Amino acid sequence: MSGASFRPSRRHALALSGSALTAAALAACGGNTGRPESGGSSSGGKPTIAQWYHQYGEDGTEQAVKKYASEYPDASVNVTWIPGDYDKKAASSLLTSSGPDVFEYGNGPTIDMITGKQVVDLSDLLGPARSDFTPSLLERMTYQGKLYGIPQVVDMQLFVYRKSMLSKAGVTPPRTFDELLAAADKLTQGKVKGLFLGNDGGAGVMGGPVLWSSGTDYLTQDDKPAFNTPAVAQALAKLATLFKSGNLLLGAPSDWSEPAAITQGLTAMQWTGLWTLPMIQEALGDDFGVFPFPAIGSGGKPAVPVGAYSACVSAKAKNVTAAKQFVKWLWVDQTDKQLDWAQSYGFHVPARKSLIAKAEKLKTGPAKQAADMVTQYGHPQTPLLWTPASASAFGDAVDKIIRSGADPKSSLAAVQRTVTNELKRFA
Amino acid sequence: MASPAEVRPAARTPAPARSKRRWTDSPHLWFWIFVGPFLVGLTVFVLVPIVWSVWLSFYEARNTVTPTEFVGLRNYTNMLSDPAFRSSLGTFVVFALFIVPTTFVISLGLAVLVNGAARGRSFFRSVFFLPTACSYVVAAMIWRGSLFSGVSSGAINTVLGTVGIAPVAWLSVVDPPWYWLVITTARLWLQVGFFMVLFLAALQRIPRTMYEAAALDGAVGWKAFRYITVPQLKATSTAVLLLLLVNAFQAFDEFYNLMSSTGGYPPYARPPLVYLYYTALGDVQDFGNGSAGAVILTLMIALFALAQGRLTGIGRRED
C-alpha cells in the first residue's frame, strides 16, 4: 500500500463535516419527522403540525402528549417521540426543511438559534397569562424584548439527605457551605460517604450553585461576566479540598441525576433533581429530607437551579401561524393538561404559579419544601447569553479546579477572557 | 507456394456485423454497473462533505450550513488558539504513541504463542479473536459499569478488596489518572485479537524450512525470531501499523461512552473527534470552527501517515 493511497482523512472528514452530512442525511433520508410528505395541510383541510419531544423517562408521558395532540381541534398534530441525544437531533433538524414545526428545548432555544432566525417570536401568545408564568424563566427565554419559548414544566435540583443518618451522627441539615463540608466529614463512616455531588465530584453541576450561593451569577444584569470573584474562587478551592478529603462518594453506580447513591445507602447526602423524589420516597419512605445549596460566606444566600423544557416554533414550519396557535392552545390555555403533565407522570413543578397552588403532590413534605425553594431560591440554570463556548470554558475550568487542584483565580480569569469574546458577538 | 488466400484464411471469414454486438458486451457497462453505485455513494457521502467542510471552514457558520460571511482563516486561528482543542490534539498524539506500539507488541506476541501452541491453536485463536465482534460502545459500558465501577462491588475493586486495597474511583480521579487504564485496556481487549489473527496468518506463511536451515546454523529461539520471523513479517507489520494508526485517529466511541457524564465531557482524555463532536454538533452547531478543526486534524493525520511511511517504508519501491 502506498502512502498516497492512505485515506484515513476521508472517514474523519465524513464524521466531522457533520454539517453537510447531517443536513444531507436528514434531508435525503427523511424518516418520520411528523410532517406530511408535501405541504402543510392534511386531507381534511386542517393544517398538519409536526411536534417533537425528547423521550421522557416516566411511564405514560408519550401517551399523554399524543392524547393532548389528538384533542386539538384546529389542526392535525403528529407527535414524534425522540430517544437518544434529542438536543443534537433537534438542533440539526432546524437546518433542514424536514424538521419539526413545534419542538421542546431545554430552557428555550439557544441564543444562536434565535440570532440565526431558526425560531420565531412567541411574545403574542401569553396575553394576560404572562404574569402567571415564573418571571425568571420567561426572562431566560427572552431576547431583545421578544419571547422565544413557552415554559412547559419546571424542574429543579437540590440536596436530599437521609434523616436517620444525620440524626445518628448528630448533624442538622447544613445552612452554610462550611456546615455542608463539616457535615460531609462527620457523616463519612465506614463504607458510607458523607456527600455525593456526582461521579465527577460535582464538577459538572456545582458551577451555578456556587456562583448564586456566593451572591453572584454567570453574568450581570447588563450581560457582563460576573463569575470571577474571590468568593467564587475560594468556594471552588474548598470543593477541591473536599474532592481529595475522602468524604465524597465517587464512582457510584449511577450519576447525580438518579437516586441510586442515596437509596442504596452509599451516601448520607446527595445532590439530585426533584424528579427523583418519588423513587426516593418509594425506597426510603419518610427517611429523607431536602435542602437547597447552602449560602457561601456573608454575602451569599441559598440557591437552587431551575430549568424548564419549553415549547418553540421553528421558523421553517410549514404553517407558522397554525404552529403558534397550537402552542398557545396547549401551553397557555389548557391549564388542566399542563397540570396533568406536571403531576401525573412523575414529579415536576408546573410552569404557572396558579397551577403550583393546585398541585396536590406539592402540598406536603419534602415536595412542598422543594416547590417553595423554586420561588424562594430559584435561578435559571444559565443566562441566555451564556453560550456553549462560554459554558465549555467554564465547565473545563471548574473541573480542573475541583479535580486537579488548578489555581482558581487564574482559571476563572482565563474563562473571563473567553466569555468576554463570546459576548462581543451579541454586542 | 501458398496462395495469398491460404495464408490469410481469416480474411475470407466474414467479420461479425457491428450491428450484432449487444450492448451488454461492453466492458465499460459492467465497470459502471459495479463501480457506479459506490462512486455515487463516495461522491455524495464523502467527497461532497469534505469539499463542503473545507468551504465552511472559511466562513462564519453557526447554526447554518449555507453561510454567507467569509472570515478567511479566522476559524483556523480560533481553533489553534483554543487551549481545549490544542489539548485534545495532545491527547490524541499521546494515545496514538501508546496504543499503536502496545497493540503491535501484544498482538504479535500472542500470535507467536498461539502459532507455537502444540494443541488448542484454534481454541486460543477464537478466544483472542472473539472480542473483535463486540462493539466499542458495549465494551465501554461493560468496562464502566462492571469491571471498573468505582464502588466496592465493581469487579476489579472486589479483587483489590481481597488483598486489602480500598476501592478505586477509576473514572473519577485524575491524580493518578486511572481513567487511562480503563480506556486503554478496553481498546486493547477489543483490537488485539484482530491484529493477532493478521500476524498469525503471516506467521503460517513462513516456510518451516527456513527455521530448519537456520537451526542448523544455531539460530533458534530469539535469534530465529529476530532474523527470520521479524523480516518475514515486514509486509504484514507495515500494514498492521497503518491500520493501528488509523484506528487510533478514529478514537471516539470508547472515550465518549466511558468519560462523558450528565455534566458533559471532562477536560481529560478528550480526543479531537470528541471535542469537535461537541463543537460542530449539539446546541453549539458551530460548523465553521468545527470544519476548521476537522481540516487541521486531517492535515495532522496526513503528516503522521507520511512520517510513518518514511519510517516503515510504505510506498517505497521494492527495487
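The values are calculated or read from the model by the stated rules, or taken from the named source; none is laboratory data. On a predicted model such as this, the values are computed, not experimentally measured, just so you know. Heads up, the Cβs are rebuilt from the backbone with ideal geometry, glycines too, and the neighbour counts pull from every protein chain shown. Heavy atoms of the whole protein, side chains included, go into the accessibility calculation; ligands, DNA and RNA do not. Shrake-Rupley method; radii C 1.70, N 1.55, O 1.52, S 1.80 Å.
Any chance you could run the full-extension gain for B:Thr162 through B:Gln250? It's 0.36 nm times the residue separation minus the Cα-Cα distance, nm to one decimal. Display every interim value, and only then the final one.
Details: separation 88, 0.36 × 88 = 31.68 nm, distance 3.77 nm.
Extra length available between B:Thr162 and B:Gln250 comes to 27.9 nm.
How big is the B-A contact in terms of buried accessible area, both chains counted, 1.4 Å probe, rounded to the nearest 100 Å²? Please report the intermediate quantities before stating the final value.
Details: alone 19650 and 18840 Å², together 34200 Å².
Summed over both sides, the interface buries about 4300 Å².
With angles folded into 0 to 90 degrees, how steeply does helix A:365-377 sit against the dominant principal axis of chain A? Use alpha carbons for both and round to 10.
80 degrees
Taking accessible area as the heavy-atom solvent-accessible surface of the protein chains with a 1.4 Å probe, which residues of the stretch A:247-274 lose no less than 50 Å² upon going from the isolated chain to the full protein assembly?
Listed by number, the residues meeting the 50 Å² cut-off are A:Gly251.
Taking amide H positions as placed 1.01 Å from N in the peptide plane, with prolines and chain starts having none, which residues 5 or more places from A:Ala303, or on another chain, fall under 5 Å of its amide H?
The answer is A:Phe293.
Longest exposed-loop-site-free stretch of chain A, with GluC sites (Glu not before Pro), DSSP loop and at most 12 other Cβ within 10 Å?
Numbers: sites that count: A:Glu37, A:Glu71.
Counting only loop sites that pass the neighbour cut-off, the longest clear stretch is A:72-427.
Counting only helical runs of four or more DSSP H residues, what would the 222 nm mean residue ellipticity of chain B come to if each run contributes -39,500 (n - 2.57) and the total is spread over all its residues?
Working: 15 runs with 191 residues, N = 319.
So the calculated ellipticity at 222 nm is -19000 deg cm²/dmol.
So with the 1.4 Å probe, I'd like the accessible area per residue for chain B, rounded to whole Å². Walk me through the numbers before you get to the answer.
Numbers: 17520 Å² over 319 residues.
Normalised by residue count, the accessible surface of chain B is 55 Å².
For the stretch A:334-341, what does the Karplus curve 6.51 cos²θ - 1.76 cosθ + 1.60, with θ = phi - 60°, yield as ³J(HN,Hα) per residue in whole Hz, taken in order and with x for Gly and Pro?
The phi angles translate into 7, 5, 5, 5, 5, 5, 4, 5 Hz.
Reachable lysines from A:Lys363, Cα under 18 Å, same-chain residues fewer than 8 places away excluded?
A:Lys353
Mind checking which lysines have their C-alpha under 29 Å from A:Lys46, skipping anything on the same chain fewer than 8 residues away?
By straight Cα distance, A:Lys46 reaches A:Lys66, A:Lys67, A:Lys89, A:Lys117, A:Lys146, A:Lys316, A:Lys318, A:Lys324, A:Lys328, A:Lys337.
Using the Cα centre of the protein assembly as shown as origin and beta-carbon charges of +1 (Lys, Arg) and -1 (Asp, Glu), tell me which of A:Ala427, B:Phe194, B:Leu80 is placed farthest towards the positive end of the dipole.
Ranked along the dipole, the leading option is B:Phe194.
Give the calculated FRET efficiency between A:Gln369 and A:Thr241 to the nearest 0.05, with a Förster radius of 41 Å applied to their Cβ-Cβ distance.
With a Förster radius of 41 Å, E is 0.90.
List the aspartates and glutamates whose Cα sits under 12 Å from the Cα of A:Lys361, skipping any in the same chain fewer than 8 residues away.
Hits, sequence-local ones excluded: A:Asp340.
Looking at chain B from every direction and averaging, what is the projected area of its Cα convex hull in nm²? Intermediate results must be reported in sequence, preceding the final value.
Values: hull surface 128.1 nm².
Computed as one quarter of the Cα hull surface, the answer is 32.0 nm².
Taking θ as phi - 60°, what are the ³J(HN,Hα) couplings along the stretch A:271-279 by the Karplus curve (6.51, -1.76, 1.60), each to the nearest whole Hz, with x for Gly and Pro?
7, 7, x, 4, 4, 8, 4, x, 5
Run lengths n ≥ 4 of DSSP H only: what is the helix-derived mean residue ellipticity at 222 nm for chain A, with -39500 (n - 2.57) per run over all residues, to the nearest 500? Please list the in-between numbers first.
Details: 18 runs with 174 residues, N = 427.
Mean residue ellipticity, 222 nm, calculated: -12000 deg cm²/dmol.
How shielded is B:59-65 by partner chains, expressed as the average number of their Cβ atoms within 10 Å of its Cβ atoms? Intermediate values should be presented prior to the final figure.
Working: counts 0, 1, 1, 9, 13, 8, 11.
For this peptide, the per-residue mean of nearby foreign Cβ atoms is 6.
Average partner chain C-beta neighbours within 10 Å, per residue of B:292-303?
On the way: counts 0, 1, 9, 4, 0, 4, 6, 1, 1, 5, 5, 0.
Mean shielding count: 3.
For A:Tyr143, what residues show an amide H to amide H distance below 5 Å, using hydrogens built from the backbone and excluding near sequence neighbours?
A:Tyr148
Return the residues of the stretch A:387-423 for which accessible area with all protein chains present is lower than in the chain on its own by 20 Å² or more; set the probe to 1.4 Å and exclude ligands, DNA and RNA.
In the stretch A:387-423, residues shielded by partner chains: A:Pro388, A:Asp396, A:Asp399, A:Lys400, A:Arg403, A:Ser404.
Using amide H atoms built in the peptide plane, which far-off residues or other-chain residues are under 5 Å from A:Thr188 H to H?
Long-range HN contacts for A:Thr188: A:Gly194.
Please check the stretch B:260-278 for residues whose accessible area, probe 1.4 Å, is lower by 20 Å² or more when all protein chains are in place than in their chain alone.
Buried by the other chains: B:Ser261, B:Thr262, B:Gly263, B:Pro266, B:Pro267, B:Tyr268, B:Arg270, B:Leu273, B:Tyr277.
Per residue Cα convex hull volume for the stretch A:228-302, in cubic angstrom? Can you show the working numbers first?
On the way: hull volume 8.9 nm³, N = 75.
For the stretch A:228-302, the hull spanned by Cα atoms encloses 118 Å³ per residue.
Just tell me how shielded B:42-51 is by partners: mean number of partner chain Cβ atoms within 10 Å of each residue's Cβ, no decimals. Provide the component values of the computation, followed by the final result.
Working: counts 1, 0, 5, 7, 7, 3, 4, 14, 8, 3.
Mean number of neighbouring Cβ atoms from other chains: 5.
Tell me, what is the FRET efficiency for B:Trp222 and B:Thr185 to the nearest 0.05, using R0 = 25 angstrom and their Cβ-Cβ distance as r? Could the numbers behind the result be given before it?
Working: r = 28 Å, r/R0 = 1.12.
Efficiency at R0 = 25 Å is approximately 0.35.
Hey, if you drop one equal point scatterer on each alpha-carbon of the protein assembly as shown and run the Debye formula without solvent, what base-10 log of I(q)/I(0) do you get at q = 0.06 Å⁻¹?
Summing over Cα pairs of the protein assembly as shown leads to -0.46.
Taking all protein chains in place and a 1.4 Å probe, what share, in percent, of the accessible surface of the stretch B:90-266 do carbon and sulfur account for?
On the way: 5900 of 8660 Å².
Solvent-exposed carbon and sulfur of the stretch B:90-266 make up 68 percent of the total.
What FRET efficiency, computed as 1/(1 + (r/R0)^6) with R0 = 22 Å and r the Cβ-Cβ distance, is obtained for A:Ser136 and A:Lys224, rounded to the nearest 0.05?
Numbers: r = 19 Å, r/R0 = 0.85.
Computed FRET efficiency for A:Ser136 and A:Lys224: 0.70.
Take the Cα of A:Gln144, step 7 Å along the line toward its Cβ, and report every residue of the stretch A:311-339 whose backbone nitrogen sits under 11 Å from that point.
none
I want to check the label-to-label distance for A:Glu179 and B:Leu311. Put each point 7 Å from Cα in the C-beta direction and report it in nm to one decimal.
That separation, rounded to one decimal, is 6.0 nm.
Ignoring the sites themselves, what is the longest stretch of chain B with no trypsin sites (Lys or Arg not before Pro) in a DSSP loop and at most 13 other beta-carbon atoms within 10 Å?
On the way: sites that count: B:Arg21, B:Arg22, B:Arg119, B:Arg205, B:Arg316, B:Arg317.
Maximal segment without exposed cleavage sites: B:206-315.
Which shape class applies to the stretch B:90-266: rounded if a/c is under 1.5, otherwise prolate when a/b exceeds b/c and oblate if not, where a ≥ b ≥ c are the square roots of the Cα gyration tensor eigenvalues? All intermediate terms of the calculation are to be shown ahead of the outcome.
On the way: a/c = 2.52, a/b = 1.97, b/c = 1.28.
Cα axes put the stretch B:90-266 in the prolate bin.
Suppose each label sits 7 Å from its Cα in the direction of the beta carbon; what would the B:Thr24-A:Lys46 distance come out to in nanometres?
That separation, rounded to one decimal, is 5.5 nm.
What share of Cα pairs, in percent, lie more than 18 angstrom apart in the stretch A:41-140?
On the way: 2877 of 4950 pairs.
Pairs farther apart than 18 Å: 58 percent.
In Å², what does the accessible area per residue of the stretch A:248-369 work out to with a 1.4 Å probe?
Numbers: 4220 Å² over 122 residues.
I get 35 Å² per residue for the stretch A:248-369.
Are there trypsin sites (Lys or Arg not before Pro) in the stretch A:50-130 that DSSP puts in a loop and that have at most 16 other Cβ atoms within 10 Å, and which ones? Write down the numbers at each step before the final one.
Working: sites: A:Lys66, A:Lys67, A:Lys88, A:Lys89, A:Lys117, A:Arg130; in loops: A:Lys117.
Here the sparse-neighbourhood loop sites are A:Lys117.
Using 0.36 nm per residue of separation minus the Cα-Cα distance, give me the extension gain between A:Val320 and A:Ser410 in nm, one decimal.
Numbers: separation 90, 0.36 × 90 = 32.40 nm, distance 4.76 nm.
Stretched fully, the A:Val320-A:Ser410 segment lengthens by 27.6 nm.
Starting from the Cα of A:Val192, step 7 Å along the direction of its Cβ; do the same at A:Gln264; then give the gap between the two resulting points in nm.
1.6 nm
With every atom except the alpha carbons ignored, what do you get for Rg and Dmax of chain A, in angstroms?
That works out to 23.0, 73 Å for Rg and Dmax.
Just to check I understand the Karplus step: with θ = phi - 60° and J = 6.51 cos²θ - 1.76 cosθ + 1.60, what whole-Hz values come out for the stretch B:33-45, glycine and proline as x?
5, 7, 8, x, x, 5, 5, 4, x, 4, 5, 5, 9
Multiply the residue separation of B:Ala155 and B:Leu303 by 0.36 nm, subtract the distance between their alpha-carbon atoms, and state the gained length in nm to one decimal. Write down the numbers at each step before the final one.
Values: separation 148, 0.36 × 148 = 53.28 nm, distance 4.11 nm.
Taking 0.36 nm per residue and subtracting the Cα distance, the gain is 49.2 nm.
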